[in-house]
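To start, the structure itself, in structure tokens.
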Amino acid sequence: MARFFVDPQDIKGDTAIITGPDVKHISKVLRMGNGDRLTILDGRGLVFTAEITGMTKDEVTCHLLGPEVAPAEPNLKVTLVQGLPKGDKMETIIQKCTELGIYQIIPLAAARSVVRLDGKKAAERQQRWQRVAMEAAKQCRRPVIPRVQKLCQLTEVISMIPTNALGVIAWEDEKQQSLRQLLQGVTMPEEIYIFIGPEGGFDPEEVARLSQRGWPNVTLGPRILRTETAGPTALTMVLYHYGELG
């Protein structure tokens, strides 16, 4: 069945209201109507079989028939702190990391980020990025939509990270310790924050500030990865190591 995410506040009792662009998709593209069934997700892990009971040009009303069994989410919460890249690379990163099982993504205004976004543009871009995460979750049949945070400065990111979380800095100048070697000596924590720089990598001063928190630098291998490749690669390595993939 077709799948649609609904804001939890629009699910009350056994009724769910679909609004926004999905209304046109349901009525004009899928040509669905009263009595047709679809799948409703609240973006937080709950999944329901539902039946359309009413339609207007602005909303679709659905009656919830019962819960569906949802695929399990990773027990390990992995956050990607991604240095803001150029072009549409951020969308690719969000899409692939959502498919793999990321918990949340924090865009970082890094020192070497070429793109600079002001308040309005940053807010608009965040909305677009969150939409990309939702569409990716829908496509891969994931019941949870990862949160894409607002564009942050490094100081903000550091203050957001819980004291019991593990921070890992992927840095091209690290030659000794690989991510694999690091993980072999670490019991699975509750949360891991992976730091990936933009094109050009992290500035040494940024690495020094992160290292002051006791977070290790790691290499992702002998070849320099593009920024849009590094994040999904590191996420895959972490989730696989702790048995969260396959």
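The values are calculated or read from the model by the stated rules, or taken from the named source; none is laboratory data. Keep in mind that this is a model prediction, so the values were computed, not measured. When we count neighbours, we look across all protein chains shown, and the Cβ atoms used for this are built from the backbone with ideal geometry, even at glycine. Quick note on the areas: whole protein, heavy atoms, side chains included, nothing else; ligands and nucleic acids left out. Shrake-Rupley method; radii C 1.70, N 1.55, O 1.52, S 1.80 Å.
Worth pointing out:
- Average accessible surface area per residue within the stretch 12-52, 1.4 Å rolling probe, Å²: 54 Å²
- Counted over the stretch 53-198, the DSSP beta bridges are approximately 10% antiparallel.
- Heavy atoms of the protein chains alone define the surface here; on that basis the stretch 74-169 has 45 Å² accessible area per residue at 1.4 Å probe size.
- Qualifying lysines (Cα of each under 16 Å from Cα of Lys24; at least 8 residues distant if same chain): Lys57
- Percent accessible area from carbon and sulfur atoms, the chain, protein chains only, probe 1.4 Å: 49 percent
- Under the Debye formula (equal points on every Cα, no solvent term), log10 I(q)/I(0) of the chain at q = 0.11 Å⁻¹: -0.64
- Take every DSSP beta bridge whose two residues both sit in the chain; close to 45 percent of them are antiparallel.
- Inter-centroid distance (Cα atoms) of the stretch 185-246 relative to the stretch 35-97, Å: 27 Å
- Annotation for the stretch 88-160: trypsin sites (Lys or Arg not before Pro) lying in DSSP loop with at most 16 further Cβ atoms inside 10 Å of their Cβ are Arg112, Arg116, Arg141, Lys150.
- Check: the chain dipole with +1 on Lys, Arg Cβ and -1 on Asp, Glu Cβ, in debye: 460 debye
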